[in-house]
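A.B. asks: Handing you this structure, nothing more for now.
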């Protein structure tokens, strides 16, 4: 049995498994050094830039970083720029993310607009939780509204005395909402105290120009953190980390597996056994819950010379690909038939090396564990 890590581009992920979205902290493989660096910089008030191709874990990492910062006492907010269609929409997303720190309610700005217009909010929100945004909720001019929304993180930091950390995902999309959006944002952000910003994006060329070319709006505004090729490894993750991650999932399968009913029966020797199909089904169900796809492949099949007129032994070589549905990485395991220096125990029916042979009688072998 051998384990080989295969490159991601050779993987075809099953449509029956959800992929492409943020993953829980337990599935952030090999990202702890990045997380510590990211959290420390943001906690110290530094702005950071995380640029790279899609599906390398940018969103998952920043969401975990925000969770850790929140546990340390900071106020946090996550804003997806990709879904905003105009500057007012982007401003409302920022307002929602900021106010949620006080109200604990998503889409808190909708409640602020209700209170500002004299209506009752649709959920239970206290006046002081949305007070910061009441004047903003009455603003009808889109540009003034946007600029006011950009000031909300600073106002929250000043009011609570806590660090505020805001993450803008797919930040390059904000530039499509108007000709001077980035200039306005930089002007508002650069004077804010107690606020740190994280800028994420998948269009690396645009972000590189925006943050590294002299004369551009965000020139030298944020420290870049590279997730893609650090350490010479693809996605910045060592192959050993992927293998460890998958092995931990296999260990979890073993813990959950329990008893598998013996539904096969050997008439000649009169014993029951677990069929390969039943075992694969039981293991496969648990692996599916853990987000691992099992792809069996028959590599070869041959037969040994018949031992008798009624007995013929087939030698089968199988290859099993275990594909992590979230990352697309895979572990390949080759399963070989019994070798010349191995035997099958007549008691436990497991294959052992000859060194584990305890006794042999009438062609029946017994291993040391069963003797």
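The values are calculated or read from the model by the stated rules, or taken from the named source; none is laboratory data. None of the values given here were measured: they were computed from a predicted structure. As a convention, Cβ positions derive from the backbone with ideal geometry for all residues, glycine included, and neighbour counts pool all protein chains shown.
A.B. asks: When both residues are 6+ apart or on different chains and their Cβ atoms are under 8 Å apart, which pairs have a first residue that lies in segment 265-288 and is over 24 Å from residue 347 (Cα atoms), and a second that is assigned to a loop (DSSP other than H, G, I, E, B)?
C.D. replies: The qualifying pairs are 288/17.
A.B. asks: Restricting segment 186-207 to residues that are in a helix (DSSP H, G or I) and modelled with pLDDT under 90, which is surrounded by the most Cβ atoms within 10 Å (Cβ to Cβ)?
C.D. replies: Filtering first and then ranking leaves 204.
A.B. asks: Which residue is modelled with the lowest pLDDT, if the candidates are limited to segment 267-278 and must be in a helix (DSSP H, G or I) and surrounded by 12 or more Cβ atoms within 10 Å (Cβ to Cβ)?
C.D. replies: Just the residues of segment 267-278 that are in a helix (DSSP H, G or I), to begin with: 276-278.
Adding the requirement that they be surrounded by 12 or more Cβ atoms within 10 Å (Cβ to Cβ) leaves 276, 278.
On the way: 276: 74, 278: 80.
Within segment 267-278, the match that is modelled with the lowest pLDDT is 276.
A.B. asks: Go through segment 152-185 and report how many residues are buried (at least 19 other Cβ atoms within 10 Å of the Cβ) and part of a loop (DSSP other than H, G, I, E, B).
C.D. replies: The number of residues fulfilling the criteria is 2.
For every residue, the table says whether it meets (1) assigned to a strand (DSSP E or B); (2) surrounded by fewer than 11 Cβ atoms within 10 Å (Cβ to Cβ); (3) modelled with pLDDT of 80 or more.
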{"site": "265", "(1), (2), (3)": "yes, no, yes"}
{"site": "280", "(1), (2), (3)": "no, no, no"}
{"site": "286", "(1), (2), (3)": "no, no, yes"}
{"site": "295", "(1), (2), (3)": "yes, no, yes"}
{"site": "301", "(1), (2), (3)": "yes, no, yes"}
{"site": "306", "(1), (2), (3)": "no, yes, no"}
{"site": "315", "(1), (2), (3)": "yes, no, no"}
{"site": "322", "(1), (2), (3)": "yes, no, yes"}
{"site": "328", "(1), (2), (3)": "no, no, no"}
